[in-house]
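A quick write-up on the structure given underneath.
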Amino acid sequence: MIAIGIESSADKLGVGIMTDTGEILANERITYTPPFGQGIHPREASESHAKNLPRLIQTALAKSQLTKDQIDLVAFTQGQGMGPCLRIGAVAARTLSISWRKPLVGVNHQVAHIEIGRQIGDIQDPVVLYVSGGNTQVIAYSEKRYRVFGETLDIPIGNGLDTFGRECGIDAEKIPMGLKIEQLAAQSTNYIPLPYIVKGMDVSFSGISTAAIKKFKEGAKIEDVCYSLQETAFAMLVEVVERALSHTHKEEILACGGVASNARLKEMLKAMADEHNAKFVGLPAATAIDNGAMIAWTGILNYKHDLSTPLDKSQVDQHWRIEDCEVPWKEK
Ligand code: AMP
Ligand code: MG
């Protein structure tokens, strides 16, 4: 079985093609970049997605060397995400499903991040750290569902990094802001204390981001502030993941989402995993960052467990929480 998956929940537009044996045949992505100094505007991102999606589908098909007749199902991100962006992917997926006469499967974005990680990392039952532009959550499977064990009390870490970078005038037009911060941080070992906010299993990034901006505006070197921001924010995340690992008695850790492509975060998680004799899996950027392959793959899992999506149930759900998803393949 072969699935095409469309991801359009935020600023990334992805089209992936995967087989049911786990082979990625194509995984194309275009990132919408807002004007310099601005955050993502959902409507403008959605207009960019609408313009690029037909071409991206063609490119993915060409990469896979398949024709539309060889595709068995059409999967798309049904939630959570930004409404206008999600709707572009949903409209395209419905159109393909109808015109190609293939079943349609709406996929939960977070479940997809985890499932592609389990597949690529060859792991079964991890504690998951999902850190992206729009999410910061510690998730693990328990009693038939993926459940959120800890999350941010305010802004997601990626959002905190991006806001910090923008406010400090860091130029990251060609690469993700988080990667630019990572590169600057690698040039320093001078730690400037910043607020460390962990409350039980939850974390907060709003205060630390503001404090880091203040340090820079007071004259601290940008490299030192980037280094200190990463060390503090990542230590907070590692603390919560470590506690989740101890509580759940699991033996694997998976990091996913765009921020999880950070080498320093992966290094810190790996060091903690080693102390607990746990296996740590980080993902390459192609599958850590929002992508179409993860949607195709999770579409296959859903379809094989009778969870396809009739047209009249295919409207997007911006707030679709991971705890509300059935994951019957995990029960085996
Ligand atoms: P996503 O929402 O999963 O597409 O991830 C996007 C977020 O990941 C943005 O906030 C980026 O700044 C962030 N990001 C991308 N690369 C890195 C990196 N190497 N280190 C930290 N954050 C990153
Ligand atoms: Mg994501």
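The values are calculated or read from the model by the stated rules, or taken from the named source; none is laboratory data. Remember, it's a predicted structure, so these values are computed and weren't measured experimentally. Ideal geometry is used to build each Cβ from the backbone, glycine not excepted, and the neighbour counts take in all protein chains shown. Please note that ligands, DNA and RNA were not included when accessible areas were found on the heavy atoms of the full protein model with its side chains. Shrake-Rupley method; radii C 1.70, N 1.55, O 1.52, S 1.80 Å.
Quick check: anything in the range 71-92 closer than 29 Å to residue 156 by Cα, assigned by TED's automatic domain parsing to the domain that holds residue 326, more than 16 Å from ligand 1 (Cβ to nearest atom) and in contact with a Leu (Cβ under 6 Å, 6 or more places away or on another chain)? Within the range 71-92, one or more residues are closer than 29 Å to residue 156 by Cα, assigned by TED's automatic domain parsing to the domain that holds residue 326, more than 16 Å from ligand 1 (Cβ to nearest atom) and in contact with a Leu (Cβ under 6 Å, 6 or more places away or on another chain).
Taking residues in the range 248-260 that are of a type in the set (Asp, Glu), and partners anywhere that are crowded, with 24+ Cβ neighbours inside 10 Å, the pairs with Cβ atoms closer than 7 Å and at least 6 places apart or on different chains are 252/126.
Residue check: residue 267 meets all listed conditions (1) on the phi > 0 side of the Ramachandran plot; (2) part of a helix (DSSP H, G or I) but one, namely (1). Residue count for the range 156-182 under the criterion of being modelled with pLDDT under 95 and in a loop (DSSP other than H, G, I, E, B): the result is 8.
Residues that are open to solvent by 50 Å² or more (accessible area, probe 1.4 Å) and without any contact (Cβ under 8 Å) to a residue 60 or more places away in the chain within the range 267-293 comprise 267, 270, 271, 274, 275, 276, 277, 284, listed in sequence order. The residue of the range 183-203 that is nearest to ligand 1 (Cβ to nearest atom), among those that are buried (at least 18 other Cβ atoms within 10 Å of the Cβ) and in a helix (DSSP H, G or I), is 185.
What residue, among those in the range 1-47 that are of a type in the set (S, T, N, Q) and crowded, with 21+ Cβ neighbours inside 10 Å, is nearest to residue 82 (Cα to Cα)?
Our first condition is that a residue be of a type in the set (S, T, N, Q); within the range 1-47, this holds for 8-9, 19, 21, 27, 31, 33, 38, 46.
From what's left, crowded, with 21+ Cβ neighbours inside 10 Å: 8-9, 27, 46.
On the way: 8: 9, 9: 6, 27: 21, 46: 9 Å.
Once the filter is applied, the top-ranked residue is 9.
Go through the range 294-317 and give me each residue that's open to solvent by 50 Å² or more (accessible area, probe 1.4 Å), touching a residue at least 40 places away in the same chain (Cβ under 8 Å) and of a type outside the set (A, V, I, L, M). Across the range 294-317, the qualifying residues are 303, 304, 308, 310, 313, 315, 317. Among the residues that make up the range 310-322, is at least one of them part of a helix (DSSP H, G or I), out of contact with any Pro (no Cβ under 7 Å at 6 or more places or on another chain) and farther than 14 Å from residue 78 by Cα? Checking the range 310-322: not a single residue is part of a helix (DSSP H, G or I), out of contact with any Pro (no Cβ under 7 Å at 6 or more places or on another chain) and farther than 14 Å from residue 78 by Cα. Residue pairs whose Cβ atoms lie under 9 Å apart, separated by 6 or more positions or on different chains, with the first residue in the range 6-27 and farther than 13 Å from residue 58 by Cα and within 14 Å of ligand 2 (Cβ to nearest atom) and the second part of a strand (DSSP E or B) and aromatic (Phe, Trp, Tyr), are 7/76; 8/76.
How about the range 318-332: which of its residues are over 17 Å from the mean Cα position of the chain (by Cα) and open to solvent by 20 Å² or more (accessible area, probe 1.4 Å)? Within the range 318-332, 324, 326, 328, 329, 330, 331, 332 meet the criteria.
Put simply, of 226, 256 the only residue that is touching a His at 6+ places or on another chain (Cβ under 7 Å) and within 16 Å of ligand 1 (Cβ to nearest atom) is 256. Checked against the criterion of being over 15 Å from residue 16 (Cβ atoms) and open to solvent by less than 20 Å² (accessible area, probe 1.4 Å), the candidates 75, 90, 50, 60 yield just one match: 90.
Has the range 161-178 got at least one residue that is closer than 19 Å to residue 286 by Cα, touching a Leu at 6+ places or on another chain (Cβ under 7 Å), of a type outside the set (Ser, Thr, Tyr) and not assigned by TED's automatic domain parsing to the domain that holds residue 321? Yes, the range 161-178 has at least one match.
Yes/no matrix, rows are residues, columns are (1) farther than 24 Å from residue 202 by Cβ; (2) within 15 Å of ligand 2 (Cβ to nearest atom); (3) open to solvent by less than 40 Å² (accessible area, probe 1.4 Å); (4) aromatic (Phe, Trp, Tyr):
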| residue | (1), (2), (3), (4) |
| --- | --- |
| 122 | yes, no, no, no |
| 130 | no, yes, yes, yes |
| 137 | no, yes, yes, no |
| 159 | no, yes, no, no |
| 169 | yes, no, no, no |
| 179 | yes, no, no, no |
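State whether one or more residues within the range 93-106 are assigned by TED's automatic domain parsing to the domain that holds residue 29, in a helix (DSSP H, G or I) and within 16 Å of ligand 2 (Cβ to nearest atom). Break it down into steps so the answer makes sense when it comes.
We begin by selecting, within the range 93-106, every residue assigned by TED's automatic domain parsing to the domain that holds residue 29; these are 93-106.
Narrowing the set further to residues that are in a helix (DSSP H, G or I) leaves 93-100.
After this cut, where a residue has to be within 16 Å of ligand 2 (Cβ to nearest atom) as well, the list is none.
No, the range 93-106 contains no residue that is assigned by TED's automatic domain parsing to the domain that holds residue 29, in a helix (DSSP H, G or I) and within 16 Å of ligand 2 (Cβ to nearest atom).
Here 221, 215 are screened, and the one residue that is charged (D, E, K, R), free of Cβ contacts under 8 Å to residues at least 24 places away in the same chain and assigned by TED's automatic domain parsing to the domain that holds residue 276 is 215.
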